[in-house]
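Engineer: My questions will all concern the structure given below.
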Amino acid sequence: MNSYLAYFTALLLIIMGIYAVIFKRNLIKIVIGVSLMESGVNLFLVALGYRQGGIAPIYTMAPRGHQMVLPTPQALTLTSIVIGLATTALMLTLSILLYKHYKTLDPTKIRGLMK
Amino acid sequence: MKSDMSTIVKTVTDFLFGFIIIFGIYIIIHGHLTPGGGFQGGAVVASGFALLFVAFARTFLDKKPQQLYGLFESVGLLIFISLAFLGIYRTFFYNFLANSGGLFGMKITQGINPGYFNTAGVVPLMNMAVGFEVACGLSLIVYLLYRGVIEEGEDGE
Amino acid sequence: MNIIDHAPALLVAIPLFTAFLYQFIYYITHKNIRYLATVALGINWILGISMAFHVFSSGPISYVFGASSPGLSLPSGYHFPIRIIFEADGMSAFMALIGTTVSFVGALYSESFAKRYSELSKYFSLLLLLTAGLLGMVLTGDLFNFFVFFEITSLASVTLAAYRTYRKESVEAGFKYMLISTVSSLLILVAVGILYGEYGALNIAKVASMIQYTLLDKVALALFVTSLAMKAGSVPMHFWTPDTYGEAPAPITAMLVSASQASLYGLFRVVFTLYGLKISTLTVGWIIIILGVLSMFIGVTMAIIQKDIKRLMAYHAISQTGYMLLGVGVGLATFGTDAFLKYGFTAMKGGIYHIINHAFYKGLLFLTAGAIFYRTKTRNLNEMGGLAHTMKYTTIFFMIGAAAIAGLPPFNGFASKLLIYESVFKFNPVLSIIAMMVSILTLASFVKVFYSAFLGPKRIKDGKEFKEVPPNMVIAMGILALLIVIFGIFPGFVINNIVEPTARALSSPLLYISTILGKM
């Protein structure tokens with residue numbers, strides 16, 4: 001049960017993120033929701049590579065009896081964090097611009113395209 | 001809002017800024033040996049700059065550093081992709097310095113060892129290029145967002 | 001190794017290098033060099049064409065980054081593919097051919113069209129990044145890399161769609177597109193994580209050779225199909241398409257069509273290659289067919305009532321995506337049965353032929369819409385009229401594009417639609433009839449556009465007539481128009497030499513797998 005806890009947490013984070021994206025009426029909160037989803041996915045990836053009692057994957061030839069955690073998911077997570085940074089920065093920039101144009105952050109009032 | 005913060009913040013920033021930058025550079029150049037690397041170290045350096053912007057808003061927001069940041073960012077990116085191109089006589093991204101005996105060319109010791117700095121070929125060089133790029137790019141992002149928000153505040157008032 | 005062996009890497013590396021070079025030059029000299037992107041993408045175009053013909057004639061190319069073999073052998077004899085690879089089989093080369101062509105045309109067109117934009121070097125940098133992203137998506141042989149290039153494409157295209165930040169609608173469309181792209185890319189990442197957790201590999205060929213089609217695999221498949229269909233602009237999640245296509249600058253819209261098709265490529269790659277050995281073809285095939293038919297019908301019915309020329313074309317883009325999904329979906333539904341050889345393969349050929357045709361004629365139509373906007377400064381059909389008097393080339397190009405999208409002979413849309421009608425009729429006559437009806441409605445809608453934009457008395461704005469657009473915009477449109485005519489007059493040649501190798505590559509997952517695993 002304990003070993004599945006990380007997956008449940010990841011799932012919970014993703015669902016919370018999706019909830020925020022769909023139901024929150026504030027652009028900043030929507031961006032936070034996307035960030036939550038990203039964190040959930042990152043946690044999921046790291047949890048995939050975790051091995052009970054594993055050590056850091058830093059040996060070229062590991063000594064016998066030592067199990068290492070998988071390095072690949074960690075590399076994937078790092079890449080995904082980097083991309084997440086760019087995504088968040090871009091979304092915040094767009095939110096600032098939208099606020100400048102519409103003077104509101106409520107997505108239901110930002111309806112320039114729905115003429 | 002476009003003013004400096006209190007003396008306490010400014011003094012602490014004065015004191016910490018150097019250490020933050022040094023720590024970031026340490027992470028960048030040891031990227032091939034320890035956890036970390038270009039992006040993480042660059043982010044640490046950029047956080048130092050972010051601290052500077054917040055503490056000394058009046059001084060820095062008028063300096064308009066985007067020219068310098070942009071230039072260094074593009075230099076870092078160009079170095080990175082040029083290093084990848086240099087290996088094209090074998091394949092793109094070929095590590096032509098590894099195990100060659102020269103710069104970063106020491107052969108990697110098998111088994112348990114303390115980690116030798118002069119190894120891994122082009123990887124540390126690429127780490128440095130990426131670190132440079134991320135430090136400048138991230139500082140640029142922080143600077144522009146901060147300035148955008150402050151200008152918005154001034155418009156509203 | 002000669003240059004063709006390096007082509008998969010160079011196709012991505014050249015745009016990336018040029019994109020960074022642009023920023024460097026700009027910060028050193030403060031000049032915006034407009035032709036640099038066109039030159040770089042022109043080289044890319046030649047490389048793309050030569051790689052495509054090499055692949056069609058002598059089989060897939062695989063390219064390993066940083067080493068000669070995709071795998072790593074341990075002293076114990078354990079062997080596993082760990083390296084980042086690019087694999088250009090028929091389908092990838094075909095999509096790269098489309099991507100390089102459209103990006104070159106987009107850059108050439110932008111030289112004049114984007115002249116008045118501020119920070120022009122950033123515009124071209126982003127355009128080059130978009131090209132690198134979409135070419136990387138179609139060439140990569142690695143699941144995680146696919147996600148990375150997917151994100152590069154999204155970020156670049158969002159920034160370009162919202163490039164005119166002084167227009168509030170552009171920013172709004174950009175935010176919408178960003179949200180869709182980010183959510184779909186995160187879903188893809190979850191699916192990739194599931195597959196990695198099960199099989200311990202990220203290499204598409206390796207995972208495909210081990211796939212079991214367990215419950216977790218089905219979850220991953222559902223995530224892949226949902227997110228990629230969402231990003232390709234298929235119906236249940238199509239609402240971003242008209243906004244983004246409508247608000248992006250015209251050359252970018254033409255490239256966004258290709259970017260959406262790269263997502264479509266991802267969808268086909270997942271169902272045919274990644275899951276191709278074990279997938280329940282009939283179920284997934286029917287899901288794709290239903291998505292296709294809905295896209296076709298809803299897209300065209302929404303298009304008829306539009307007044308904004310670019311939104312109208314964007315709804316048609318949804319409807320045309322439906323044809324591709326229908327053709328390839330019928331191929332998948334019959335995959336592995338006798339019917340596949342009788343008509344399923346023809347349907348697939350039709351769907352694939354439609355991809356390249358759509359990229360060209362829809363690109364051309366968006367470029368003509370851009371040309372109209374460039375002169376008249378409006379996108380509202382009711383405020384146009386009489387453009388045929390002065391903008392002769394644009395009129396001719398629009399007629400070619402409109403005839404091609406409506407499926408009139410002798411243009412290329414007719415050739416691919418005929419293949420789809422014939423083969424789908426044997427599969428299920430109702431689907432074929434719907435497809436024909438949609439085609440007629442498309443024709444009606446474009447007749448309306450032609451009538452209200454080009455015919456009628458000459459209009460004069462501010463005491464000036466609307467002149468023809470600058471020469472490089474005309475040349476850019478001319479290239480696409482020429483390709484449309486060639487693809488329409490010699491359909492037999494194109495089908496035998498381009499479309500058939502592509503369809504065969506897509507329908508033979510074992511070839512894709514053995515290209516990588518056999519090399520180890």
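Engineer: Filter the stretch C:227-261 down to residues that are within 18 Å of C:Arg167 (Cα to Cα) and more than 14 Å from every other protein chain (Cβ to nearest Cβ), then give me how many there are.
Structural biologist: So the answer is 5.
Engineer: Identify, please: which residue in the stretch B:86-96 is among the hydrophobic types (A, V, I, L, M, F, W, C) and surrounded by fewer than 18 Cβ atoms within 10 Å (Cβ to Cβ) and is, among those, farthest from the other protein chains (Cβ to nearest Cβ)?
Structural biologist: The residue in question is B:Leu86.
Engineer: Further question: Contact list please: Cβ distance under 7 Å, first residue in the stretch A:94-109 and more than 7 Å from every other protein chain (Cβ to nearest Cβ), second residue surrounded by fewer than 17 Cβ atoms within 10 Å (Cβ to Cβ) and of a type in the set (S, T, N, Q), pairs at least six apart or on different chains.
Structural biologist: A:Leu105/A:Asn26; A:Asp106/A:Asn26
Engineer: Here's a follow-up. From the list B:Gly70, B:Gly76, pick out the single residue that is crowded, with 20+ Cβ neighbours inside 10 Å and outside any loop (DSSP other than H, G, I, E, B).
Structural biologist: Just a single option satisfies the conditions, and that option is B:Gly76.
Engineer: Restricting attention to the stretch C:25-51, which residues are buried (at least 17 other Cβ atoms within 10 Å of the Cβ) and farther than 25 Å from C:Asn472 by Cβ?
Structural biologist: C:Tyr27, C:Met51
Engineer: Give just the number: which of (1) farther than 29 Å from B:Glu133 by Cβ; (2) at pLDDT below 90 does A:Ile15 not satisfy?
Structural biologist: (2)
Engineer: Residues that are among the hydroxyl-bearing types (Ser, Thr, Tyr) and over 28 Å from C:Leu364 (Cα atoms): which strands (runs of 3 or more DSSP E) entirely in the stretch C:1-112 hold 1 or more of them?
Structural biologist: Because the criterion is at least 1 residues that are among the hydroxyl-bearing types (Ser, Thr, Tyr) and over 28 Å from C:Leu364 (Cα atoms), the strands (runs of 3 or more DSSP E) in the stretch C:1-112 that meet it are C:61-64, C:71-73.
Engineer: Okay, next question. Any idea which of (1) over 14 Å from A:Ile96 (Cα atoms); (2) at the interface with another protein chain (Cβ under 10 Å from one of its Cβ atoms); (3) free of Cβ contacts under 8 Å to residues at least 60 places away in the same chain is the one C:Leu202 doesn't satisfy?
Structural biologist: Only one criterion is unmet by C:Leu202, namely (3).
Engineer: Hey, another quick one. Check C:Thr321, C:Thr281 and return the single one that is surrounded by fewer than 24 Cβ atoms within 10 Å (Cβ to Cβ), over 30 Å from C:Tyr117 (Cα atoms) and touching a helix residue (DSSP H, G or I) at 6+ places or on another chain (Cβ under 9 Å).
Structural biologist: Residue meeting the stated conditions: C:Thr281.
Engineer: For the stretch C:161-178, which residues satisfy the criterion of being more than 7 Å from chain A (Cβ to nearest Cβ) and buried (at least 21 other Cβ atoms within 10 Å of the Cβ)?
Structural biologist: Result: C:Ala161, C:Tyr163, C:Ser170, C:Lys176, C:Tyr177.
Residue-wise test of (1) touching a residue at least 40 places away in the same chain (Cβ under 8 Å); (2) of a type outside the set (Val, Ile, Thr); (3) buried (at least 21 other Cβ atoms within 10 Å of the Cβ).
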{"residue": "C:Val424", "(1), (2), (3)": "yes, no, yes"}
{"residue": "C:Lys458", "(1), (2), (3)": "yes, yes, no"}
{"residue": "C:Ile475", "(1), (2), (3)": "yes, no, no"}
{"residue": "C:Tyr512", "(1), (2), (3)": "yes, yes, yes"}
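Engineer: Kindly evaluate C:Ile475 against the criterion of being within 26 Å of C:Leu108 (Cβ to Cβ) and in contact with a Pro (Cβ under 6 Å, 6 or more places away or on another chain).
Structural biologist: no
Engineer: Examine the stretch C:183-198 for a residue that is polar (S, T, N, Q), more than 10 Å from chain A (Cβ to nearest Cβ), within 23 Å of C:Glu87 (Cα to Cα) and touching a residue at least 40 places away in the same chain (Cβ under 8 Å), and state whether such a residue exists.
Structural biologist: no
Engineer: Sort out which residues of the stretch A:30-89 are surrounded by 14 or more Cβ atoms within 10 Å (Cβ to Cβ), of a type in the set (S, T, N, Q) and at the interface with another protein chain (Cβ under 8 Å from one of its Cβ atoms), and write them in order of number.
Structural biologist: Answer for the stretch A:30-89, where residues must be surrounded by 14 or more Cβ atoms within 10 Å (Cβ to Cβ), of a type in the set (S, T, N, Q) and at the interface with another protein chain (Cβ under 8 Å from one of its Cβ atoms): A:Thr72, A:Thr79, A:Ser80, A:Thr87.
Engineer: OK, next. Of all residues being more than 8 Å from every other protein chain (Cβ to nearest Cβ) and in contact with a Gly (Cβ under 7 Å, 6 or more places away or on another chain) in the stretch C:1-39, which is farthest from B:Glu73 (Cα to Cα)? Just the residue, please.
Structural biologist: Checked the stretch C:1-39; the qualifying residue farthest from B:Glu73 (Cα to Cα) is C:Leu11.
Engineer: From the list B:Ala46, B:Ala57, which residue is closer than 16 Å to B:Ala135 by Cβ and touching a residue at least 60 places away in the same chain (Cβ under 8 Å)?
Structural biologist: Just a single option satisfies the conditions, and that option is B:Ala46.
Engineer: Filter the stretch C:136-148 down to residues that are modelled with pLDDT of 90 or more, among the aliphatic types (A, V, I, L, M) and out of contact with any Phe, Trp or Tyr (no Cβ under 7 Å at 6 or more places or on another chain), then give me how many there are.
Structural biologist: Result for the stretch C:136-148: 1.
Engineer: Whether any residue in the stretch B:35-55 is modelled with pLDDT under 80 and within 12 Å of another protein chain (Cβ to nearest Cβ) is what I want to check.
Structural biologist: Among the residues of the stretch B:35-55, at least one is modelled with pLDDT under 80 and within 12 Å of another protein chain (Cβ to nearest Cβ), which makes the answer yes.
Engineer: Within the stretch B:121-140, identify whether any single residue is within 14 Å of chain C (Cβ to nearest Cβ), of a type outside the set (A, V, I, L, M) and surrounded by fewer than 17 Cβ atoms within 10 Å (Cβ to Cβ), and answer yes or no.
Structural biologist: no
Engineer: Another question about this same structure. Among the listed residues C:Phe446, C:Phe466, identify the single one that is aromatic (Phe, Trp, Tyr) and within 22 Å of C:Ala359 (Cα to Cα).
Structural biologist: Going through C:Phe446, C:Phe466 in turn, just one is aromatic (Phe, Trp, Tyr) and within 22 Å of C:Ala359 (Cα to Cα): C:Phe446.
Engineer: Would you check which residues across the stretch C:132-171 are over 21 Å from C:Phe268 (Cβ atoms), in contact with a helix residue (DSSP H, G or I) (Cβ under 6 Å, 6 or more places away or on another chain) and either touching a residue at least 60 places away in the same chain (Cβ under 8 Å) or not in a helix (DSSP H, G or I) (or both) and list them?
Structural biologist: Correct list: C:Ala132, C:Leu160, C:Ala161, C:Ala162, C:Arg164, C:Thr165, C:Glu169, C:Ser170.
Engineer: Turning to a different aspect of this structure: Among C:Ser439, C:Ser514, C:Ser432, which is the only one that is among the polar types (S, T, N, Q) and either closer than 16 Å to C:Ile355 by Cβ or modelled with pLDDT under 85 (or both)?
Structural biologist: Every option except C:Ser514 fails the conditions.
Engineer: Continuing with the same structure: What residue, of C:Glu198, C:Glu151, is at pLDDT 90 or above and either under 20 Å from the mean Cα position of the chain (by Cα) or surrounded by fewer than 22 Cβ atoms within 10 Å (Cβ to Cβ) (or both)?
Structural biologist: Result of the check over C:Glu198, C:Glu151: C:Glu151.
Engineer: Moving on. Having 2 or more residues that are farther than 20 Å from C:Leu187 by Cα is the bar; report the helices (runs of 4 or more DSSP H) wholly within the stretch A:1-111 that clear it.
Structural biologist: The qualifying helices (runs of 4 or more DSSP H) are A:27-49, A:71-102.
The values are calculated or read from the model by the stated rules, or taken from the named source; none is laboratory data. No experiment lies behind these values; they were computed from the predicted model shown. Cβ: placed from backbone, ideal geometry, glycine included. Neighbour counts: every protein chain shown.
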